[in-house]
Structures are given as C-alpha cells and as structure tokens.
1. Using Cα springs under 10 Å in a Gaussian network model of the chain, which residue among 147, 132, 98 shows the largest mean-square fluctuation?
2. Using 29 Å as the Cα-Cα cut-off, could you pick out the over-long pairs in 64/190; 77/190; 6/64; 28/190; 2/211?
3. Which angle between 0 and 90 degrees, to the nearest 10, do you get for helix 197-210 versus the longest principal axis of the chain when only C-alpha atoms count?
4. What nm distance separates the two modelled labels at residue 117 and residue 28, each placed 7 Å from Cα along Cα→Cβ?
5. Given the rule -39500 (n - 2.57) for each run of at least 4 DSSP H residues, summed and divided by the residues of the chain, what is its mean residue ellipticity at 222 nm, to the nearest 500 deg cm²/dmol?
6. Could you tell me how many degrees, from 0 to 90 and to the nearest 10, lie between the Cα long axis of helix 46-57 and the main elongation axis, the longest principal axis, of the Cα atoms of the chain?
7. Calculate the FRET efficiency for residue 100 and residue 12 from the Cβ-Cβ distance with a Förster distance of 25 Å, rounded to the nearest 0.05.
8. Can you give the local net charge around residue 117? Use residues other than it whose beta-carbon is closer than 11 angstrom to its beta-carbon, Lys and Arg +1, Asp and Glu -1.
Amino acid sequence: MKPVEKLLDIARGELGTAESPANSNRVKYNTWYYGREVSGAAYPWCMVFVQWCFDQAGVPLPVKTASCGAMRSAAQKAGQWVTGDYRPGDVVIYDFPGGAATDHTGIVEKVTASGVAAIEGNTSQSGSQSNGGQVCRKTRPAGQIVGAVRPRFEEEETDMDNVPSPAHQEGVEWAKEMGILTGDGSGDLKLTEPVTRQQMCTMLYRFAKKKGLSPEAETPPGEAPGTQSVEKR
C-alpha cells in the first residue's frame, strides 16, 4: 500500500470521532499531542488531528505544531508549500470569512471541480467549521484555500515491489542473478503481482537459454504434443 493510501485509510477510520463533552476540546488527539488529557479553549485540535494521522502513517511533516500558521511557515521554509495543483494527502489550510488568516486545516482526500474534499478534525457538518468538535469529511471551495503542505511520501522507494518474503528470498535472488527475473524498465520486480501467461513464457524461455536448452525441440515419438518443450543440444 502506498504511503498516501495508508494515510487516508487512517484518516477515514477516524470519521465521526468527537470531543467529549461537547465544546471541551477533550479528545484523544490532544491527549496524544500534549502527553496528558487537556480541555478548554486553549486547545483547538484541527492541526493536532492532522499531526496524529501523519504520525500513525509514519509520514513526516515539516514541523510538529498545533498551529496552522506555524505549519505554513515551516512548509514554506522547507520548500513544501504549494498554492495549486492539490493532491490527495496534501495538508490543506483554509481562510474562512471573518476568521484568522490561517484558521483551519484538513487532509485532502480528493480534488473536486471547485476545490477539494478533505478529512478534517475539529469541524462539523452544520455548525462551526473551524471549532466544531468532530472529525468530518468536508467539501471546500478553492476560494477558501490559502495553500497546502506537500508531504514527502517517498513513493519513489516504497512503490518498488522488490523485497521478497523470507520463504522466497533465496529463489528470488537466484532468479535475479540468472537474469530470469528482471522487472520492468524502472527496476520494479513486482514480486507480489500476478504473472501473465506471456510473462511466464518469457521467464521459461530465459531459463531454457541459461540451461543450454533448445526452445525449437521436436516432440519425441510416443509423447503427446506440448509435453516436451525443450531438448538438450
């Protein structure tokens, strides 16, 4: 599973989680962030929710903070701030009418024709959007978006399916050394993907050539056609 998919699965699993009691900011994400149970107006948690999700997914952010403004500044310094071409997994920061310049945040789940759909902490379906006390899926227009943090998911490395299970490691290493298993043009061996008939034919052909066998062998007398495909020279 790609890191961004893992992140979004974690965030989706939190939908419906709410602070208790209402209007208290007493919620498990704050307990994780501060290392103790906290409550009160000093502990809004929309960015804390984002931090928790990324921590669970093992994906770093530019800074550990509960502040949307501090996150934006850190992302700008790190070269991870974008103001368009948003993608799933981006940490989008909003500016709602009448609020602060950076007063809410969420994790982009998908891009829409008019903005983004995001999973957000400390919001609500119909009440306060920046301090609503619940994890919700929200659709926001582009006009409310200040920009977004572009996380470094390191997908170039994690996309490669090149690590065999212990039970198959010896065989995989042998096939690589023999030139039977070569992967695609990028070097991805795709070890856990199904093998097509044409891919199987190619691997058998390579094996036959390595063993000095002739793919053009004739069928021996008395043997059914197709049961003997190679013959020693």
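1. Of 147, 132, 98, the Gaussian network model singles out 98 as fluctuating most.
2. Working: 64/190 35 Å; 77/190 37 Å; 6/64 20 Å; 28/190 39 Å; 2/211 38 Å.
Among 64/190; 77/190; 6/64; 28/190; 2/211, the Cα-Cα distance tops 29 Å for 64/190; 77/190; 28/190; 2/211.
3. 50
4. So the two model labels end up 2.4 nm from each other.
5. Numbers: 7 runs with 67 residues, N = 233.
Result for the chain, helices only: -8500 deg cm²/dmol.
6. The angle comes out at about 20 degrees.
7. Values: r = 28 Å, r/R0 = 1.11.
Once rounded, the FRET efficiency stands at 0.35.
8. Numbers: positive: 110, 137, 138, 140; negative: 109, 120.
Net of charged neighbours comes to +2.
The values are calculated or read from the model by the stated rules, or taken from the named source; none is laboratory data. Computed from a prediction, not measured in an experiment: that's the story for all the values here. A quick note on method: Cβ atoms are made from the backbone with ideal geometry, for glycine too, and the neighbour counts reach across all protein chains shown. We work out accessible area using only protein heavy atoms, side chains counted, and drop any ligands, DNA or RNA first. Shrake-Rupley method; radii C 1.70, N 1.55, O 1.52, S 1.80 Å.
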